[in-house]
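I have placed the structure first, in the form of structure tokens, so that the comments after it can refer back to it.
The values are calculated or read from the model by the stated rules, or taken from the named source; none is laboratory data. Keep in mind it's a predicted model, so treat the numbers as computed, not measured. Positions of Cβ are backbone-derived with ideal geometry, glycine not excepted, and every protein chain shown enters the neighbour counts.
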Amino acid sequence: MRDFNIEDWADGIDIESNTIKRLRTEIRKLCRKIEKQQTTDCLLLKAVREHASKFKPAKKLKAPKYKATKEEAWLCLSDWQIGKVTSTYNSEIAVKRIQKMTEEVKKILIADKPAVLHIILQGDMVEGEDIFPGQPFEIDSTLYQQALKTAPELMAHVITELASVVKKVKVAGVHGNHGRSGRKNSGAARSSNWDLVSYEMTRLLCDNVGLGNTEWDLTTHWYVMQTVAGHGIMCIHGDQIGGGSPIPLAGIFKKAQGWRMNIPDWKYLSLGHFHTHASGVLNRDLYFFLSGSPESDNEFAAECLAQGGAAMQRLCFFTKEHGMVREHALCLE
Ligand SMILES: [Mn+2]
């Protein structure tokens with residue numbers, strides 16, 4: 001046993017009391033830090049919780065009851081270019097044209113009673129604001145307005161209206177080149193695309209009204225596959241294909257054959273971008289759908305491409321047995 005030394009004992013007390021003092025100060029500091037964090041984090045959380053508790057979940061919209069045929073419908077929405085201004089097109093005209101088209105499609109669906117309605121959002125739904133030099137002089141709204149307001153509200157209008165007359169809706173989306181962040185080859189990520197922002201916004205708007213019979217497949221990839229009555233439709237925006245106007249048929253043919261060698265389970269290729277309504281057989285059991293745009297009188301197309309595609313969109317019907325059996329050209333002018 002060590003001898004008791006009063007000096008050592010007294011020193012020990014001093015050291016301990018100093019340590020306790022330091023610890024007390026440290027604890028006080030930490031308590032203040034925690035308090036501060038509580039005031040920001042906890043208040044934010046509390047505010048979000050309080051705010052969220054005010055939202056009542058929308059009642060799930062019920063799918064209509066009817067005896068469906070064996071057909072499935074496919075609606076191609078492409079190249080809305082929301083924000084673009086020409087002598088006969090702007091955001092307001094786009095809204096009017098698409099709303100009118102929605103009524104027409106609704107009537108056809110009520111009469112034809114398909115089991116499923118497939119919708120493809122095929123890109124360039126927004127016009128953008130800095131895609132080419134001088135573009136700010138040819139738009140009526142900023143990209144913010146295009147991608148977060150006008151385009152998603154209009155897409156949500158089409159989807160919710162049509163989802164009220166068919167049992168099941170399957171929406172797929174692929175982005176175009178006009179939603180790109182910045183000029184070509186400026187290095188932005190593929191997924192940083194305003195078309196995709198507008199699609200996600202559309203989905204939020206549809207979720208908010210409780211659309212229960214709608215499935216979504218919004219890809220950040222360059223193509224999306226839809227299976228309509230058992231038949232694969234490979235949907236791309238179309239800027240992957242170079243070449244001439246009004247229908248770059250040789251380019252479509254070449255790429256379609258190549259893609260079919262690498263990408264399985266499809267026989268229809270759907271694309272937009274060229275603002276020209278056309279379709280046809282490319283080769284044995286290989287078909288294409290080229291989509292029009294609701295836009296009209298594009299000055300660049302008129303001057304540089306000597307072209308003025310009619311304002312159109314497309315609705316088709318498919319059966320398992322025969323593939324595409326009916327095609328409706330939806331004229332918007
Ligand atoms: Mn395009």
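Tell me, yes or no, whether segment 25-48 has at least one residue that is modelled with pLDDT of 80 or more, surrounded by 10 or more Cβ atoms within 10 Å (Cβ to Cβ) and of a type in the set (A, V, I, L, M). Within segment 25-48, one or more residues are modelled with pLDDT of 80 or more, surrounded by 10 or more Cβ atoms within 10 Å (Cβ to Cβ) and of a type in the set (A, V, I, L, M).
Run Gly280 past the list (1) within 16 Å of the ligand (Cβ to nearest atom); (2) of a type in the set (Gly, Ala, Ser); (3) surrounded by fewer than 16 Cβ atoms within 10 Å (Cβ to Cβ); (4) in a strand (DSSP E or B) and report the number of the one that doesn't hold. So Gly280 meets the others, but not (1).
Within segment 230-272, the set of residues being of a type in the set (Val, Ile, Thr) and closer than 26 Å to Ile131 by Cβ comprises Ile236, Ile241, Ile247, Ile252. In segment 130-143, what residues are out of contact with any His (no Cβ under 9 Å at 6 or more places or on another chain) and either within 16 Å of the ligand (Cβ to nearest atom) or modelled with pLDDT of 95 or more (or both)? Within segment 130-143, Asp130, Phe132, Gln135, Glu138, Ile139, Asp140, Ser141, Thr142, Leu143 qualify.
For first residues located in segment 250-277 and over 26 Å from Leu330 (Cβ atoms) and not assigned by TED's automatic domain parsing to the domain that holds Cys304, partners that are in a strand (DSSP E or B) and within 16 Å of the ligand (Cβ to nearest atom) and lie 6+ apart or on another chain with Cβ distances below 9 Å do not occur. In this structure, does Ser291 turn out to be within 30 Å of Lys106 (Cβ to Cβ), of a type in the set (Gly, Ala, Ser), in the same structural domain as Ser191 (by TED's automatic domain parsing) and within 16 Å of the ligand (Cβ to nearest atom)? Criteria met by Ser291.
Taken across segment 9-19, residues that are modelled with pLDDT of 75 or more and either in the same structural domain as Met225 (by TED's automatic domain parsing) or under 31 Å from the mean Cα position of the chain (by Cα) (or both) do not occur at all.
Considering segment 132-189 alone, what residues qualify as being basic (Lys, Arg) and more than 12 Å from Ile82 (Cβ to Cβ)? Scanning segment 132-189 gives Lys167, Lys168, Lys170, Arg180, Arg183, Lys184. Here Asp239 meets the list (1) farther than 30 Å from Thr319 by Cβ; (2) in contact with a strand residue (DSSP E or B) (Cβ under 6 Å, 6 or more places away or on another chain) almost entirely, failing just condition (2). Among residues of segment 226-247 that are more than 15 Å from Leu75 (Cβ to Cβ), those with a beta-carbon under 6 Å from a residue that is aliphatic (A, V, I, L, M) and in a strand (DSSP E or B) at least six positions away or on a different chain give the pairs Gly232/Met225; Met234/Met225; Met234/Leu269; Ile236/Leu271; Gly238/Leu271; Ile247/Ala278. For segment 86-121, the set of residues classified as more than 13 Å from Val158 (Cβ to Cβ) and within 16 Å of the ligand (Cβ to nearest atom) consists of Thr86, Tyr89, listed by residue number. Number of residues in segment 138-150 that are in contact with a helix residue (DSSP H, G or I) (Cβ under 6 Å, 6 or more places away or on another chain) and either surrounded by fewer than 19 Cβ atoms within 10 Å (Cβ to Cβ) or under 13 Å from Leu204 (Cβ atoms) (or both) equals 3. Every test in (1) away from the ligand (no atom under 16 Å from the Cβ); (2) crowded, with 17+ Cβ neighbours inside 10 Å; (3) at pLDDT below 95 is passed by Asn298 save one, and that test is (1).
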